[in-house]
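Below is one structure, written out as structure tokens, with a few remarks after it.
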Amino acid sequence: MTSSIQVVDLHKAFGRTTALAGLDLEVETGQIHGFLGPNGSGKSTTIRVLLGLMRADSGTLSLLGGDPWRDAETLHRRLSYVPGDVALWPNLSGGEVIDLLGKLRGGLDEKRRADMLERFDLDPTKKGRTYSKGNRQKVALVAALSSDVELLILDEPTSGLDPLMEAVFRDAVREFRDGGGTVLLSSHILDEVESLCDRVSIIREGRNVETGTLAQLRHLARTTVHAGLERRVTEADLAGLAGVADLVVTDTDLRCTVETARLGALLERLGEYGISTLTSAPPTLEELFLEQYRTPEVAGPR
Amino acid sequence: MTGLSGTIPLLRLAARRDRVLIPVSAVALVFVVAGSAQATVALYPDRAAALAPLRTLLANPALQAVYGPIASESLDSLATFKTILIGAVFLCLLAYVVVRRHTRTEEEEGRLELLGAGAIGRRAPLAAAVLLGTVAVLATALLTAVGAIAVGLDRTGSVALGVAWVVMGLTWVGVTAVAAQLTETARGTAGFALGALALAYLMRALGDVAADDSPLRLLTWLSPLGWGEKVAPYGANRFWLLAVGLLAYAALLVLAFVLQGRRDLGAGILPSRVGPARGDLSSSLGLMVRLARGTLVGWFVAFVVLGAVVGSLAGNVQSFVDSPETADLLRKMGGGAGSIVDTFFATEIHVAAVAAAALGISLVTRMRTEETGGRAETVLATGVPRRRWAGEHVVVGMAATAGLMVCLGVVAGVMDAGRTGDAAASIGRLTGAGLSTLPAVWVCIGVATVLFGLAPRFTGVAWAVLIAFFALGEFGDLLGLPAVVSGLSPFAHLPALPGGEMAVGTAVVLVAVAVGCVALGLAGLRQRDLPAG
Ligand SMILES: Nc1ncnc2c1ncn2[C@@H]1O[C@H](COP(=O)(O)OP(=O)(O)O)[C@@H](O)[C@H]1O
Ligand SMILES: [Mg+2]
């Protein structure tokens, strides 16, 4: 498996603000990679460095096999970028902008352009200043998705879209991936990342906290367990078990959370007391995310 | 009137944002008026010495077209002749900048939407902007009157000077408030407000130079700048015109608030049109020219009109006594060697060159607006290299300014052909004179490029630099500044063409400075973050 994007130990400061403090990111070719983090965690900065718009203070970067700062122009022809806050020219129509950006990227697929306009239900004759935020994003998305490129870099592209358009967006991105394209999708909409992404990187304060497939990440997180038992159990009975927390026991009713990797050990022990009912909920991405941010300090020295 | 809640906090916020702009502009205007008045008084210690040049000034339509008529045969009038009208135009510009900044610009960028959702009345932003503009105008006028009295000018006349500025400045507060309601863009507001200012200036110029019995003289009375001029400080001192100014101010404000009540937030009164579904733009250069199209057309129209006015006035100038005193005075007032007509052309062309430089700077500083507006990022994340994108802005700026000066020279030459009888020679002389100013114009473009490349946050300083260049050229001698200081302005090194000698060496040095600045700016841009914070 080759990587379209490889970032190792990226640092970037703006004056006294540290935006990135040793960020790693690897996006495999042909995958949709979710890039998740709260506001101000450094997603946009990472993307701008990847686009050669900003210069890294230190770190190694490779984008489509090239150096994003040095080879910016040639690399840019092979990718489409949708910024988080799409700004359009007030007196150019949406259609003009789509055509211009397509030509500047080196080609537009006419059929896809027409198809995307229809699916996103976008009126291309309106002037830039009359579009709402969601419609400005649609203009940029149509331009990006109908250009002939191998990589999409999307910075929170759906924050202004309604649920219907969000679904259109997800389908279009999946189709792009299925056609062999690679996608870096920065987002803070967990549901979107959960439904779209093959792999996810979670960042916080300019550094990674987790990277992996959703399954791998789930494995690291806690599962909620609610069990009804046949015999009484006390908290002391379960004291020896590693990875169990939030334990609440009343007679035969038990609630707790457990590290997903240790779920088996817990169930085995509970089996000794006879399990009559059991519900276990795997962590949603939201819980995963919140868990990462609940503790003030991330693992590892600062 | 309801919908005004929150005006005071908004006013405080706006005043905070303009805490440098307004005081610096006010002090600069006071300094120029009082300083040049003092220097003139020192130049002509007694009234008799002043009278001879005054008579000729009174009769010179070319100077009247630029600076307005002189109010009386007094030393005080001579001392303020150049600054009353031109200073008022700058005051109008200040009023326009302040009002536009806190109304349409805010609205276009969506910040008013944010405020509008809070406990802020619908009318509060416009009210706050108008109040701030009004305070800026009143304070500047008051300080200027005080400054004029302080350097020993007539008290009543100085108060009348303040009144004249209030009349003109407040009218532009009102004009801008209305203009901000008409279109959806800050650029559209600029078009209406500045267009009205240019029109007012031209109307009074035509009225001032018309024959005494011509109905054209009424034009001055139709122009708000004409009302200010007719206050005639140090002459008739017509204080009653303040009532006309205040009436216009009140009427315009009522209109602005009525228009505002009839439109939605973010929209304009004039409908916005739809555009084509397909586009034919295919390059960053095409995009840049397309975005600047309206501005460019406006400037070229203005320069054609200017060329026509300047060219046709030359006949009047020549019929005017060619006395040595006049020539001497004209030279002191700016301009160079040669015949009176040549001096007149040289003066006008140099003023036009400063205006052309303003276009050049606006074309280059667009890059910063594109950058902070987030649109540069969109273009530069495609296959467009930064160097090319920036280079195109600079080259279009240089080409457009060259085009303006050629346009001015050709039109003025055609109009002047009636006087000289040799069209080709007239056009050639005046076009050459226009082109000879380009090195200085391009230095201004270079300054803007350097700022954008190396200190993007201070790109706007290019405007301050241009104003400083202009002030040094116009008032440097009058203020008695040493040559080294006046020489900081590239415009000070321009040859007095037509009529004078072309200084090739100086031109080469200026062009080299311009090119060096551009190269430095582009190199800086290549190294820096985009957008820079
Ligand atoms: N141009 C800039 N100048 C100064 N600080 C910046 C700039 N861009 C981003 N930052 C700062 O860097 C940090 C990361 O921001 P950003 O990358 O925009 O985060 P995200 O996209 O994840 O919300 C924030 O603290 C932000 O304030
Ligand atoms: Mg962001």
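No lab work stands behind these numbers, since they all come straight from the coordinates. Because the structure is predicted, anything quoted here is derived from the model rather than measured. Heads up, the Cβs are rebuilt from the backbone with ideal geometry, glycines too, and the neighbour counts pull from every protein chain shown.
Worth pointing out:
- Note: the stretch B:288-533, Cα convex hull, 120 Å³ per residue.
- Among the residues of B:46-52, the average count of other protein chain beta-carbon atoms within 10 Å of the residue beta-carbon is 0.
- Less than 5 angstrom separates the built amide H of residue A:4 from those of A:27, A:28, A:29, all sequence-distant by 5 or more or on a different chain.
- Stokes-Einstein D for chain B, Kirkwood Rh over Cα pairs, 37 °C, 0.692 mPa s (µm²/s): 135 µm²/s
- Histogrammed with a bin width of 10 Å, the alpha carbon distances of chain A distribute as 6, 24, 27, 20, 12, 8, 3, 0 percent, first bin at zero.
- Between residue A:87 and any residue 5 or more places off or on another chain, the built amide H atoms are never under 5 Å apart.
- For chain A, built as a Gaussian network whose Cα springs stay under 10 Å, the top-fluctuating residue of A:242, A:21, A:261: A:242
- Working from Cα pairs under 8 Å separated by at least six residues, relative contact order for the stretch A:75-181 is 39 percent.
- Rounded to the nearest 5, the antiparallel percentage of DSSP beta bridges internal to the protein assembly as shown is 70%.
- Relative contact order for chain A, counting Cα pairs under 8 Å that sit 6 or more residues apart, in percent: 19 percent
- The stretch B:249-272-the stretch B:143-213 distance, computed between alpha-carbon centres (Å): 22 Å
- Average other protein chain Cβ within 10 Å of Cβ, residues B:22-32: 0
- Cβ charges +1 (Lys, Arg) and -1 (Asp, Glu), total dipole of the protein assembly as shown, debye: 1540 debye
- Across peptide A:62-75, the mean count of Cβ atoms from other chains lying within 10 Å of each residue's own Cβ comes to 1.
- For the stretch B:143-155, backbone phi angles converted through the Karplus equation (6.51, -1.76, 1.60; θ = phi - 60°) give residue-by-residue couplings of 4, 5, 4, 4, x, 5, 5, 4, 8, x, 7, 3, 5 Hz, Gly and Pro being listed as x.
- Note, ³J(HN,Hα) from phi for the stretch B:427-433, Karplus 6.51, -1.76, 1.60, rounded to Hz, x at Gly and Pro: 4, x, 4, 6, 5, x, 4
- Cβ crowding within 10 Å averaged over residues, with A:94-101, B:190-197 ranked highest first: A:94-101, B:190-197
- Residue of A:229, A:117, A:88 that the Gaussian network model of chain A assigns the largest fluctuation, springs spanning Cα pairs under 10 Å: A:229
- Cleavage-rule hits, trypsin sites (Lys or Arg not before Pro), the stretch B:244-312, DSSP coil, Cβ neighbours within 10 Å at most 16: B:262, B:263, B:273, B:278
- Along the stretch B:200-209 the Karplus relation, 6.51 cos²θ - 1.76 cosθ + 1.60 evaluated at θ = phi - 60°, assigns HN-Hα couplings of 4, 5, 5, 4, 6, 5, 5, x, 5, 8 Hz to successive residues, with x for each Gly and Pro.
- Extent along the principal axes, Cα only, for the stretch B:175-281: 59, 34, 21 Å, with the longest axis given first.
- Under-5 Å amide H pairs with residue A:197, H placed in peptide plane, nonlocal only: none
- Computed Rg/Rh of the stretch B:7-268, alpha carbon atoms with Kirkwood Rh: 1.02
- In the stretch A:182-230, trypsin sites (Lys or Arg not before Pro) in a DSSP loop with at most 15 other beta-carbon atoms within 10 Å: none
- Of the residues B:451, B:349, B:492, the one whose Cα sits farthest toward the positive end of the charge dipole of the stretch B:288-533, with +1 on the Cβ of Lys and Arg and -1 on the Cβ of Asp and Glu, is B:451.
- Measuring nothing but alpha carbons in the stretch B:401-533 and taking Rh as the Kirkwood radius, the Rg to Rh ratio lands at 1.07.
- Binned Cα-Cα distance frequencies in the protein assembly as shown - 10 Å width, integer %: 2, 11, 18, 20, 17, 12, 9, 5, 3, 2, 1, 0, 0
- Residue (of B:374, B:314, B:191) at the positive-pole extreme of the protein assembly as shown, dipole from beta-carbon charges: B:314
- Low-density loop positions, chymotrypsin sites (Phe, Trp or Tyr not before Pro), the stretch A:16-81 - DSSP coil, at most 15 other Cβ in 10 Å: none
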